[in-house]
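See structure below.
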Amino acid sequence: MFSIAWKNMRAEKARFAFSVAGVAVAALLLAFMLALYSGWSERIAAYVNDVPADVWVSQSGNQSFFAASLVPDKTFDDVAGRPGVLTVSTLLGRSLKIKHGDSTYDSYVLGFDADGIGGPLHIKSGRGTPADGEIVIDDVLARTADVGVGDEITANDQTLRVVGVSTGGNIVINQLSFVSKDEAHRLVGISGIANFGLLKTEPGQAKAVVADINANVPGVSAFERKEFASNSRQVLKRSMLPILSVVIVMVFVVGAVVVGLTIYTATMEKEREFGVMKALGTPHKFLMLAVGEQSMLCGLIGFAVGEIAVVGASRFAERMVPQFVTLLRWQDALIVLAAVVAMSLLAAYLPIRKVLSVDPLRVFKA
Amino acid sequence: MSLLKLSHVSKTYGQGASEVRPLDDVTFEMVAREVVAVTGPSGSGKTTLLTIAGALQAPTAGVVEISGEEVQGYSQIELAHVRRHKVGFIFQSFNLLEALSAQENVEFALALSGHKGSHGRERARQLLSKLELGTRAQAMPRQMSGGERQRVAIARALANDGDLILADEPTASLDHKRAIDTLQLLRGITRDLGRSVLIVTHDMRAHDYADRIFWLEDGQLDAVEHGEVHTRPHDVGPPVAGIATN
């Protein structure tokens, strides 16, 4: 048989459109927040994850890329002598204000060993091996600051010439810039220490090297690359998840209220018709399904519109704001779908109660 | 077998000083192929009688039997089942479902009584054709005249397999010609389809199409002769084109 819900909605296109738009906005916001979260989760530890190191070494007690870590160079010499370790490269950096023209931008400037690992991941233009007085900046920072190869910027009162633009260094809260180790010592103002050690190990030995360093080298903690990346992601999760949860709950409630109100109003206006259906002997189950289906149709169409819109919104946002990182994942789409279904069921609850309470005798009044 | 039997039925609303008793120990019976008109002053309880006869509400006392089935003590679910299968309703203001076409309105009632899918569609088409609405099957209620809407409502009432049609003021929203058409149609239904029709109405013209007439007042239902409340040449109307008992 035809769907009463679908017929009712087709008969009232404006109300249907309003209801769908309400769900679509809720789905869009929900999908956008999740895309943002997924994008940030992916990007924030992307550098740690993509650098070709098998093991990361940091100051003892420090478990992520985002915690302060100071390790003497001598300790890294000890690490280099441990069994299974092939090479040790070190990183030294700090967050700095980078000035270009009258504008100032934040960047995390990393000094790396020219003959080691830990430099820029991918070079978009120019070169990736800065000499003294030179810097490689991330593409996002380059676009934000409108800086290109050959331009000069100022960091900590030192003038640096941009010799390369890299990608893969946008870690959301900052963008990574790269200088030589000597330049880093000047910018940071200290020498004889580094923040992190990046180790290449003998094949299949990363786990054993980690255990060995943690057991035998005092003052440092070692992690396999994946674990260090995961720990770095946790920083985001701890800080952002509670905020995200609140926003998601608010969006969920707003969506449910919009759908609920429109379905409830539609039900109220059709109260007499529901009375007629009851007088004709329509089972309660059918009436419940009719209202539930109406709510669900609004929800599912709104979900589809919202999901399509989020693709456009993400692209638009990234084009307008280069730092903006979103990642659209099918797993997140399923979460939004589940939320929309829950929203629609919740929205149908009061209208269903209303329909079930309609007195069929009222249809005998003219 | 009687299609409808009310035995010592009473209905009371309110309590104490505000107590109203529109039906007081009413006993009444309808058999196959008859049109019965119940008339009376406004507020006399005609609609109460109709809704009790249609298993829409229970009497305060007495026994109601619809097509041989006693319905007192039935749950709402069981009463709804009786309405779906044994009773057809015609309302004063048509009460078609506005989002559905004429055919879909009839199909809806058919589906409730178990005639779904292509069988239901075909049967709805047949019913509408027999009521001379074949070309208006896809029209929406808002696109139809009052007479057409009432005929769709009649087709809907005929959709289930029940033999009892209950009509509440079926001519009240119609002009004279369409009112007469509707009464003739109801008369024809009993003759050609073997259904029985109970009409509660203020409209004295309905008496001319009824086999029996009752007057309801002060809770009492009394049989009256045709001439007692109104006189008019009895006209059973033309046959309903092509309607056949199914």
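Some notes on this structure:
- Count - residues of region B:45-87 that are free of Cβ contacts under 8 Å to residues at least 40 places away in the same chain, assigned to a helix (DSSP H, G or I) and open to solvent by 30 Å² or more (accessible area, probe 1.4 Å): 4
- Any hit, region B:94-103, residues being on the phi > 0 side of the Ramachandran plot, under 18 Å from the mean Cα position of the chain (by Cα) and in contact (Cβ under 8 Å) with a residue 60 or more places away in the chain: yes
Residue-by-condition table, conditions (1) under 20 Å from the mean Cα position of the chain (by Cα); (2) at pLDDT 90 or above:
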site	(1), (2)
B:L127	yes, yes
B:M140	no, yes
B:Q143	no, yes
B:R151	yes, yes
B:N160	yes, no
B:D168	yes, yes
B:I180	yes, yes
B:S196	yes, yes
B:I199	yes, yes
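- Any hit, region A:353-364, residues being surrounded by fewer than 15 Cβ atoms within 10 Å (Cβ to Cβ), at pLDDT 90 or above and not in a helix (DSSP H, G or I): yes
- Complete set of residues in region B:90-114 that are open to solvent by 30 Å² or more (accessible area, probe 1.4 Å) and more than 7 Å from chain A (Cβ to nearest Cβ): B:G114
- Yes/no for B:L128 being within 22 Å of A:T282 (Cβ to Cβ), in contact with a Leu (Cβ under 7 Å, 6 or more places away or on another chain) and aliphatic (A, V, I, L, M): no
- Residues that are among the polar types (S, T, N, Q) number at least 3 in the following helices (runs of 4 or more DSSP H) confined to region A:196-309: A:225-269.
- Scope region A:205-253; condition open to solvent by 50 Å² or more (accessible area, probe 1.4 Å), of a type in the set (G, A, S) and at pLDDT below 95; matching residues: A:S239, A:S245
- Qualifying position, being modelled with pLDDT of 90 or more, open to solvent by 40 Å² or more (accessible area, probe 1.4 Å) and either aromatic (F, W, Y) or not in a helix (DSSP H, G or I) (or both), among A:F316, A:F324: A:F316
- Just one of the numbered conditions (1) within 16 Å of B:A223 (Cα to Cα); (2) within 14 Å of chain A (Cβ to nearest Cβ); (3) open to solvent by 60 Å² or more (accessible area, probe 1.4 Å) is not true of B:S42: (1).
- Candidate set: region B:125-140, residues that are open to solvent by less than 20 Å² (accessible area, probe 1.4 Å) and over 19 Å from A:N8 (Cβ atoms); chosen: the one nearest to the other protein chains (Cβ to nearest Cβ): B:A137
- Applying the criterion of being open to solvent by less than 40 Å² (accessible area, probe 1.4 Å) and more than 10 Å from chain B (Cβ to nearest Cβ) to the residues of region A:272-296, the residue that is nearest to B:A167 (Cα to Cα) is A:L287.
- Answer residue from region A:254-271, given it is among the hydrophobic types (A, V, I, L, M, F, W, C) and open to solvent by 20 Å² or more (accessible area, probe 1.4 Å) and is farthest from B:L166 (Cα to Cα) among those: A:V254
- Evaluation of A:A17 against the conditions (1) in contact (Cβ under 8 Å) with a residue 60 or more places away in the chain; (2) part of a helix (DSSP H, G or I); (3) open to solvent by 10 Å² or more (accessible area, probe 1.4 Å) shows that the sole unmet condition is (1).
- Output for region A:85-123, where each listed residue is open to solvent by 50 Å² or more (accessible area, probe 1.4 Å), of a type outside the set (A, V, I, L, M) and closer than 15 Å to A:D50 by Cβ: A:H122
- Condition met for A:V57 (crowded, with 23+ Cβ neighbours inside 10 Å and under 28 Å from the mean Cα position of the chain (by Cα)): yes
- Taking the listed residues B:A155, B:A167, B:A172, the one that is within 14 Å of chain A (Cβ to nearest Cβ), surrounded by fewer than 17 Cβ atoms within 10 Å (Cβ to Cβ) and under 30 Å from B:S2 (Cα atoms) is B:A172, with no other qualifying.
- Total residues in region A:15-59, condition away from every other protein chain (no Cβ under 14 Å) and more than 30 Å from A:V71 (Cα to Cα): 23
- The number of residues in region A:128-148 being open to solvent by 60 Å² or more (accessible area, probe 1.4 Å) and either in a helix (DSSP H, G or I) or modelled with pLDDT of 95 or more (or both) comes to 1.
- The set of residues from region B:45-60 being away from chain A (no Cβ under 14 Å) and under 13 Å from the mean Cα position of the chain (by Cα) is empty.
- For region B:115-124, filtering for residues that are open to solvent by 10 Å² or more (accessible area, probe 1.4 Å) and more than 8 Å from every other protein chain (Cβ to nearest Cβ) leaves 6.
The values are calculated or read from the model by the stated rules, or taken from the named source; none is laboratory data. Please read these numbers as outputs of a predicted model, since none were measured by experiment. No Cβ is skipped: glycine too gets one built from the backbone with ideal geometry, and neighbour counts run over all protein chains shown. Side chains are part of the model used for accessible areas, which takes the heavy atoms of the whole protein and leaves out ligands, DNA and RNA. Shrake-Rupley method; radii C 1.70, N 1.55, O 1.52, S 1.80 Å.
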